[in-house]
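Here's the structure, in structure tokens; my notes come after.
The values are calculated or read from the model by the stated rules, or taken from the named source; none is laboratory data. This structure is a prediction, so every number in the text was calculated from the model and none was measured. Cβ: placed from backbone, ideal geometry, glycine included. Neighbour counts: every protein chain shown.
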Amino acid sequence: MRIFASLAIVAGIFTAGAAMAADPVVIKFSHVVADATPKGQGALMFQKLVAERLGDKVKVEVYPNSQLFGDGKEMEALALGDVQLIAPSLSKFDRYTKKLQVFDLPFLFDDIAAVDRFQATDIGRGLLRSMEDKGFIGLGYWHNGMKQMSANKPLRMPEDAKGLKFRIQASDVLLAQFEVLGANPQKMAFAEVYQALQTGAIDGAENPYSNLYSQKFFEVQKYITESNHGVLDYMVVTNADFWNGLPGDVRGQLETIMDEVTVAVNKMANDINERDKKRIADSGSSEILTLTRDEVSAWRTAMKPVWAKFEGDIGRDVIDAAQAANP
Ligand code: LMR
């Protein structure tokens, strides 16, 4: 009898062991953009590399285009453990840390290379940990690109934006940026933008070419001003309890993969935006306006007062470090 019982226990242990081996950790990676964008490509690359190297231990499921959670809900979903990875734009962390508002200051970065240099500084890397007290860990910065303004009328000078309704991401800096122009900014989830533009509920928006193209915003906006007035970048974030609860070797391998993917995304982001700019230009649906040096300088001057408003919250040291990254 006793032998049978022992055998049963041993068999039970083997079965449990087999079941454990057969049950990989599932990482749900939710985001709001299309697959053919820098973030979309990054998520798929992460999924592929994890399958190749950790396939028996970890499974990554990617949910693009707000199909699982929209941008208004994804942080909450991460906190609750409904998803394990998200990569919101840096404009969407307002509620969790004021420091990241630095990325929204208009005309702070000359180009995406300057953003890259700043993110690599100690201060930039430190910001990845700025939400740890809220239970979020930043695993890396992914680029999209510089933002362009779009509308149904040509925006050449700051006065042209006056009175227009612009969709903005949930960021108080972006709110201030349009308010100083005398425009009417409205916070809105990304998934709602196309329809709002199409129905005329809003007049304009701001986004890099990859989003303008993949969400078809260019089909419902007559003009795109190549303003390069701000940056749209991402932080890949995870839930600290989830991440720290992973076996050390698995976490280490995931971090290595994330670092590789980050390098790859940041190398290809510019090409994707250039490709999509060309597609928009070729479509003939929307005219791309380039600004003269004087026109750029007028926008810069008009938006500059926004900096002073947020300097206290962001910290002078952070703004200085960001500025020092310009060529
Ligand atoms: C937006 O809401 O405009 C962007 O943050 C979307 C994205 O994730 O690129």
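One line per residue, one yes/no per condition, for (1) within 16 Å of the ligand (Cβ to nearest atom); (2) under 20 Å from residue 221 (Cβ atoms); (3) hydroxyl-bearing (Ser, Thr, Tyr):
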residue: 69; (1), (2), (3): yes, no, no
residue: 76; (1), (2), (3): no, no, no
residue: 89; (1), (2), (3): yes, yes, yes
residue: 108; (1), (2), (3): no, no, no
residue: 122; (1), (2), (3): no, no, no
residue: 127; (1), (2), (3): no, no, no
residue: 132; (1), (2), (3): no, no, no
residue: 157; (1), (2), (3): no, yes, no
residue: 162; (1), (2), (3): no, yes, no
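Hey, among the residues in segment 198-216 that are more than 16 Å from the chain's Cα centre (by Cα) and touching a residue at least 40 places away in the same chain (Cβ under 8 Å), which one's farthest from residue 40 (Cα to Cα)? My answer is 203.
Of the helices (runs of 4 or more DSSP H) lying entirely inside segment 63-182, those containing at least 2 residues that are among the small types (Gly, Ala, Ser) and farther than 19 Å from residue 231 by Cα are 74-80. Scanning segment 53-79 for residues that are closer than 18 Å to residue 246 by Cβ and surrounded by fewer than 17 Cβ atoms within 10 Å (Cβ to Cβ) returns 53, 55, 56, 59, 61, 79.
Criterion applied to 116, 122, 111 was being within 19 Å of residue 273 (Cβ to Cβ), more than 15 Å from the chain's Cα centre (by Cα) and modelled with pLDDT of 95 or more, and the one residue passing it is 111.
The helices (runs of 4 or more DSSP H) falling completely within segment 198-286 that include 3 or more residues that are farther than 30 Å from residue 26 by Cα map to 209-214, 248-283.
Condition check ((1) more than 21 Å from residue 212 (Cα to Cα); (2) of a type in the set (Gly, Ala, Ser)) across all residues:
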{"site": "108", "(1), (2)": "yes, no"}
{"site": "122", "(1), (2)": "yes, no"}
{"site": "143", "(1), (2)": "no, no"}
{"site": "150", "(1), (2)": "no, yes"}
{"site": "153", "(1), (2)": "no, no"}
{"site": "166", "(1), (2)": "no, no"}
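Scanning segment 286-299 for any residue that is within 30 Å of residue 126 (Cα to Cα), crowded, with 17+ Cβ neighbours inside 10 Å and either modelled with pLDDT under 95 or out of contact with any Pro (no Cβ under 6 Å at 6 or more places or on another chain) (or both) turns up nothing. None of 241, 249, 259, 233 is under 17 Å from the mean Cα position of the chain (by Cα) and either basic (Lys, Arg) or surrounded by fewer than 16 Cβ atoms within 10 Å (Cβ to Cβ) (or both) except 259. The set of residues in segment 176-200 that are away from the ligand (no atom under 11 Å from the Cβ), surrounded by 19 or more Cβ atoms within 10 Å (Cβ to Cβ) and among the aliphatic types (A, V, I, L, M) comprises 176, 181, 183, 197.
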